[in-house]
Structures are given as structure tokens and as C-alpha cells.
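Some notes on the structure that comes next.
The values are calculated or read from the model by the stated rules, or taken from the named source; none is laboratory data. Note that the coordinates shown come from a computational prediction; the quantities given were computed from them, not determined experimentally. We place every Cβ from the backbone using ideal geometry, glycine too, and count neighbours over all the protein chains shown. Heads up: the accessible areas ignore ligands, DNA and RNA and are worked out on the full protein's heavy atoms, side chains in. Shrake-Rupley method; radii C 1.70, N 1.55, O 1.52, S 1.80 Å.
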Amino acid sequence: MAKIIKERIPTPERSVDERVKSFAEVNLGYTFELAQKEAARCIQCPYDFAPCIKGCPVHINIPAFISKIKEGDIKEALRIIWNDNTLPAITGRVCPQEDQCEGACVVGKVGTAVNIGKLERFVADYAREQGIDKELLEEELKKIEPKDGKIAIVGSGPAGLTAAGELAKMGYKVTIFEALHLPGGVLIYGIPEFRLPKEILKVELEKLKKLGVEVKTDYLVGRTVTLEELCEEYDAVFIGTGAGTPKLLNLPGILLDRIYSANEFLTRVNLMKAYQFPEYDTPIGVGKKTIVIGAGNTAMDAARSALRLGSDVTIAYRRGKEDMTARIEEIHHAEEEGVKFEFFLNPVEFIGNENHKVKAVKFEKMKPLEEKDKRGKRKIVGTGEYVTLEADTVIIAIGLEPNKIITESKGLKVNPNGTLVVDETLMTSIPGVFAGGDAIRGEATVILAMGDGKRAAESIHRYIESKKGA
Amino acid sequence: MQIEITPSVKNLGQKNLGGVVMYRITDKKDLSPIDYFIEVEAPHVAKAWKPGQFVIFITHEKGERIPMSVYKAEDGKIGMFIRKLGKTTLELYHEFDVGDTLWSITGPLGKAIEVKDYGNVVFASDAVCGHAENHATLKAMKEAGNYTISIQSFEDKENVYPEKFLAKSVADEYYLTTQDGSMGIKGDFLDVIKGLIENDKVDIIFAGGNLGTLAQLAELTRPYGIPTITTIRQIMVDGTGMCGSCRILYDGKIRFACRDGPMFDAHKVDWEDVIRRGKRFLELEKRARERYLQRLNEKHGKEVF
């Protein structure tokens, strides 16, 4: 066997100087040559053993697609990925690979793991640039045999888009209902341009359109049309409404000006393009010193967006550095770009000035215990010591929960945390209504939502078949 | 990050994947020097809308999401009363005509008012959105068998709407007031309500309009324990409960005006914060408005507004 190349081939990135002034994508991805070099680092574990496949929530045959990159056959590489994941340009960019495929990679035991995420992204990007994805799509289209059955998909985020794509490929007539004016869910309102260019999402949506999927925007299910009405008109419904409601800290001063939920901040910036105000009409007020509370991907996205809008940014987290939940790449990029970090600080009060604008945040200093919580993180306790940090803008990124508008629908059973109750086929308490993604998980990842979308599509197919048999 | 400003803001293309959605403007009329009526085709919204609920529209691709009360929803069309206040509402007035299309309308949003037989129902309004709701709510209340009392307050005679747009036709008892007394009763609706309460004519009050007057109304009715339901207008982004921009303190708890409202029990609202939070983007809004007006006046070669 050839010697293992311990260090991964780096991907080109935009310089920090350029980045902090622009919303353009930071990571530029592999070129064909670099991708082939990186692909050569994969030692091609056999299918039944490959830890990367087991580590992938949708079990992409990773060694197989990497081997096709080595051979230079990108179309085959894409075909292999598409078997399990129809949105590789997106997951290649946003998956927490270090906890999944790359975290399990054998090469990673002796050096750095194969850069599976960037290779996946390369396949998708290269295929798109060369028109290879269109060829493959044409082949898929020829295979589609139209079936009787109309499916309604509620929400056009990762779960909904995946379910829609899979069902359309099976031959069903699919309609997506989206509450906002543009489809994409968290991919369009949440994840910033510098991490996931909207152009990529647009291409994926075009693909769905080719598959015959209809998207109805400006439709809030639960208000514009009820779930009951959808059930009457469609043979099955899939709910992929995500976790769209921000958790806010009910602390003194929460109603002060310039305190945003990360969702409000990111929606203004990403979806409404407030960073181009006044060319775009939606405003955003960002001061000179921003504190972001929380340390997940959303917190990093908000922090780096605020930085690009000209603010000095500090992330304040109640736990320690190693407990941060964001992707390593995002933390790394945030650090490079000059975002500061403060650990073991738990907010207790927002302090305002005479104009009711926030001017500081009071925190209690926390300390870690040896004992771990359910998620394997060290528990923390207050020390009784307090510290006040100045801030004229605060962004709260402590998490999200499912939106009540859909979960309050008649007949839907809901868990105490607001997520929908589903059985092993992802069917909710209403027969024929399925759900997946953050609507059932609370807060998880794009790839898990997509995995659910795919599983639900299969369940919906079986459900419709069984009804026909009855 | 500079982008080109498109000369025309009118929407002629299709936006939605798969199907063409055209929110065509079917009617547009002046209500007063500052308010106008606009009617737009939006069958999916019109079909589901109930009094109390609102819509969000976007004029064009670079537009903002603007929450708006509804005057009526009929024949697949949504009628709204709009004040020429900020950049978007000015632009909609000056650059969109019958036949043009809006980029987006979502709704209905928020919770509907419970329409039932309350007895004597008052709706009081002193601003554009409130006047729309006044008509819409009392129409439904009258149909439900209530005795309807409408009070509409305007600044002066010049600002009073044409008769067909007043809530007179749906009111069993109607009061019009002007601040300067140039038409109807002198004063605001609070004075009229005081009289009605003294005569024991009020079972429930609904109101919409200026937040300051609504806050006063809450204090007026509190000692009498008269149910008082008011529209809480707040700055919103998505209007679906996703961003928390419109959060208010209600009975000591955080509530979202878009999802949990927009009508709330006025006696449980923290009015001070509600009034203040409406001004969060004042400086930026002013900048956008001035920038737009400059462009508009340059285009016409004279001061248009």
C-alpha cells in the first residue's frame, strides 16, 4: 500500500482583509488538480468497513465517489453522491464533517482526515460549472414514471427540498408551500452568503423545477391554508417547517433597542439584504461594539455578519472553548477575521442608556464542573461574581424551537419541547401526515433534515401504495 | 457592495417556481392627502382572511416586508388603507398604478378576532390601519348580531375619508371626530368613549390606530373592567413568529405581535415599551425616505411630496 499522506491539501480561501469587507464566499473550494491530489489521500476502505460511511447521517458511499474523483470521472462521482444526497453543493459547505464522516476517517488517526466535505463540494461545484449535473438530471428525468398521488410539502428548507426531490423522482406530483417570499428556508434566511452563496441554492431550486415540483411561496400553512385543508386536497403531507422560533432570554432589558434574535439579524441581512441598505429597503442597525450570545453555527454566522457590517464583535458563551457547538471551520474563520471570544459568561441583565438603547450586558461568571450533562458537556455553575461588558448591539443566538403556527394544527401530537411526535416511519399522529428535520428534532443539522426528507419520501411512497391496495 | 439601482421598480416577471404569481393592483384611490386605498389580487390570502388578521406585502425585489391591516377581502382581492409614511408606502403610491403588480403578499397573518354576539361592540380608530380594521371588524360583528358603534377620529376635515370608505355603513351608531372640530365632534375618540361608558352602552371595545391613544384608552377603561382589545403594531420582518422583532411584554411574558396578536387585551400590554419599540429604526427609515423623495422629485423636476 502506498504511504499515507498525512497532511490534507489546503483549499484556497479569500484573504482576511478581503473577507471582512465583503459577503463573498470565504472558502473557494478545490480546483480539479487539488481535488485529485486530496482524493489520492483516501485509502479506500472497503464499503462494509468504511467508518466515514457509517459516520455520514445519510451514508453516502464516500470511498466510491472519491475514487471516481481520482479517476477524473466527476459524473460518476456525482451519480454516487446523488444516490444518497441530492444537495451536495450545500452539505459540502454546511455539514459538521468533523463530527461525522471526517471525524471517523481512518487517515485522521495518523494525520488529518481526508477533506471529504470539500471533495463533496468540489464534485457538486465542478459538475454545475461543467453542466454535468444537467446531463445527469436529464438521465434521471427519463427514468421517472408518473404515479398517481399528490403530495404537499410544508416548508422549503433542507428537509422539504429533499423530500420534494425524492418524491418527484418517484413520479409523484409535488407542491411545496413556503411562508416566506423566497424558497430555501434556513438556507436562504439563515446561512449567510459568505458561507453558502444564494446562487447555489437557486441552481438546486431550478433542478426541482425541472423535476416538476411546484413551489407556492407566500403561503403560511396554518393561516393561509390549514393542515386539514391540505389533507383533503393531497394524498400525503410532509411537514418540514424546521425550528423557526428564536428562544429569547427573558431577562431585564430584553426589550431594549439593538437587541436582536439571531434570526431577526440574519433574516434582515441574508434574506432581505439589509447589508445593501438603502439600495435594498430593509434596514439594520449595527453599532460599534456587538456582543453575540451563544456559540453555535448561528452565533458564528451572526458574529461574522456583524463584523462585515463594521462592528467590533465579541462572542460570549456560558461554557468553555471546547464546548462550542459550531463547526470548527466557522470558529476558525471567525477567529481569523477578528471575532473575540469570552467564555464562562452567562448573561443576567441588559443595561440600556437614556434612549433605551442597549449599552452593556451584565454577566455572571460561570465555572465548569467535572460532571457531564446529557450531551456530554461539562456542567457549569455560577460563581456569584459578575462582570459587565459594553455593547451597543446584542445578538441572541441561544437556540430555536419549532414554530407553533403549524404545530398547533388540529390533531397533531406535540412533545413537551414543541417538536412533533412521529413514529418510526416519520408519520405524525395524523395518518398520511409525515414530518422531519428540526420540526421533529428541535435543533439539528441540514444533513439530518435531508436524511429525514429522504426517509419520509420512502414512507410516503409506501403509505400511498398501501392505501391503493386497501 | 454597491449595486446598480434599477430604474423601474415595477414587477412584470414571474417570481414563483412553477407557477406565475401576479399580485395585480386592481384599484387605487386617495382617501385623504396622506392616506390611500389600494386593492390587490391575492386569492389565496383573500380566501382565508378574517377580521383582526393582517398581511405582509413587498413592492419589488429589493423591497422590505411591510405589515398592513386589511379593509376588506372580497372576490380574491385584498383592500388596504395605507399612509404615505416611509419610503415603501410613498413608492407604492407614486410609482405603482392599477395593472402593476406587487412582488409578494403573504397572509393572512396573526390571529383573527373572535366574532360572536357580545352585545354592544365599539370599534374606535384614529389612524389609517385602525380605520381599515374599524370597518372590517364591525362588518363581521354586525353580521353576528351585535349592536355596532363606530368611532373614527381624524386630524381635521381635510383628512376625513370619502363617505364610502368610512365605517358608517356597518355601524348602528356612528361618531366622527376631528382634533380641531372642523367636522363632527371636536376631540379624539376617548371623549366619545367616556360618554358611552357613562351611558352604560359598552360591552366590549376594539380599537386600532395611534399607540399613544390606545395606551390612554387602556387606562380609561381599566377602572370599569370593560374588555378592551387593541391592535399592537410593531416592527416586523417575517410576520410568522420567526424573528422576534415584534416582541412585546404582555402580562409579564414575551409575546410576538405577529403570531400571538396583533390584537391584544390592552390592560395586559406594557405600553411604554410598545410605543418606544416602534421607533427603533427611525433614523434609517428617515434616511431611506429622504433618499427616495429626492429621487422622486428629481424625476418629476418638482416637489411631488
Original post:
Within the range A:191-222, can you find the residues that are among the acidic types (Asp, Glu), within 12 Å of chain B (Cβ to nearest Cβ) and either part of a loop (DSSP other than H, G, I, E, B) or free of Cβ contacts under 8 Å to residues at least 24 places away in the same chain (or both)?
Top reply: A:193, A:206, A:218
Subject >> Single residue of the range A:109-121 satisfying the filter (modelled with pLDDT of 95 or more, of a type outside the set (D, E, K, R) and part of a helix (DSSP H, G or I)) that is surrounded by the most Cβ atoms within 10 Å (Cβ to Cβ) >> reply: A:119
Original post:
Residue check: is residue B:92 more than 14 Å from the chain's Cα centre (by Cα), open to solvent by less than 10 Å² (accessible area, probe 1.4 Å) and hydrophobic (A, V, I, L, M, F, W, C)?
Top reply: yes
Original post:
How many of the residues making up the range B:223-261 are over 17 Å from residue B:274 (Cα atoms) and under 18 Å from the mean Cα position of the chain (by Cα)?
Top reply: 2
Subject >> Hits in the range A:350-406 (condition: modelled with pLDDT of 95 or more and in contact with a Pro (Cβ under 6 Å, 6 or more places away or on another chain)) >> reply: A:361, A:363
**OP:** Identify all residues within the range B:31-84 that are of a type outside the set (A, V, I, L, M, F, W, C), outside any loop (DSSP other than H, G, I, E, B) and within 14 Å of chain A (Cβ to nearest Cβ); write none if there are none.
**Re:** B:41, B:43, B:44, B:47, B:67
Original post:
How many residues, within the range B:86-132, are within 13 Å of chain A (Cβ to nearest Cβ) and without any contact (Cβ under 8 Å) to a residue 24 or more places away in the chain?
Top reply: 1
Original post:
For the subset of the range A:242-266 comprising residues that are more than 7 Å from chain B (Cβ to nearest Cβ), part of a loop (DSSP other than H, G, I, E, B) and closer than 27 Å to residue A:447 by Cβ, which member is most open to solvent (accessible area, probe 1.4 Å)?
Top reply: A:247
**OP:** Check the range A:394-413 and report whether any residue there is open to solvent by 40 Å² or more (accessible area, probe 1.4 Å), in contact with a Lys or Arg (Cβ under 8 Å, 6 or more places away or on another chain) and either of a type outside the set (A, V, I, L, M) or under 28 Å from residue A:83 (Cβ atoms) (or both).
**Re:** yes
**OP:** Please verify whether the range B:168-182 includes one or more residues that are crowded, with 18+ Cβ neighbours inside 10 Å, part of a loop (DSSP other than H, G, I, E, B) and among the charged types (D, E, K, R).
**Re:** no
Original post:
Mind checking whether some residue in the range A:262-270 is touching a Ser or Thr at 6+ places or on another chain (Cβ under 9 Å) and of a type in the set (Ser, Thr, Tyr)?
Top reply: yes
Original post:
What is the residue count in the range A:223-241 for residues that are closer than 29 Å to residue B:66 by Cα, open to solvent by less than 30 Å² (accessible area, probe 1.4 Å) and more than 9 Å from every other protein chain (Cβ to nearest Cβ)?
Top reply: 4
**OP:** Could you check residue A:308 against (1) surrounded by fewer than 21 Cβ atoms within 10 Å (Cβ to Cβ); (2) among the basic types (Lys, Arg); (3) within 14 Å of chain B (Cβ to nearest Cβ) and say which number it fails?
**Re:** (1)
**OP:** Report those strands (runs of 3 or more DSSP E) wholly inside the range A:330-445 carrying at least 3 residues which are in contact with a strand residue (DSSP E or B) (Cβ under 8 Å, 6 or more places away or on another chain) and closer than 30 Å to residue A:25 by Cβ.
**Re:** A:340-342, A:393-396
**OP:** Name, by its number, the condition in (1) modelled with pLDDT under 95; (2) more than 20 Å from residue A:125 (Cα to Cα) that does not hold for residue A:85.
**Re:** (2)
Subject >> Wholly enclosed helices (runs of 4 or more DSSP H) of the range B:190-305 bearing at least 1 residues closer than 30 Å to residue A:404 by Cα and touching a residue at least 40 places away in the same chain (Cβ under 8 Å) >> reply: B:211-221, B:257-260, B:271-277
Original post:
For the range A:356-377, which residues satisfy the criterion of being open to solvent by less than 100 Å² (accessible area, probe 1.4 Å) and within 19 Å of residue A:325 (Cα to Cα)?
Top reply: A:366, A:368, A:369, A:373, A:376, A:377
**OP:** Only residues in the range A:238-251 that are of a type in the set (Lys, Arg) count as the first member; pair them with residues that are surrounded by fewer than 24 Cβ atoms within 10 Å (Cβ to Cβ) and in a loop (DSSP other than H, G, I, E, B), Cβ under 6 angstrom, at least 6 apart or cross-chain, and list the lot.
**Re:** A:247/A:398; A:247/A:399
Subject >> Residue among B:268, B:201, B:253 that alone is within 14 Å of another protein chain (Cβ to nearest Cβ) and open to solvent by 40 Å² or more (accessible area, probe 1.4 Å) >> reply: B:253
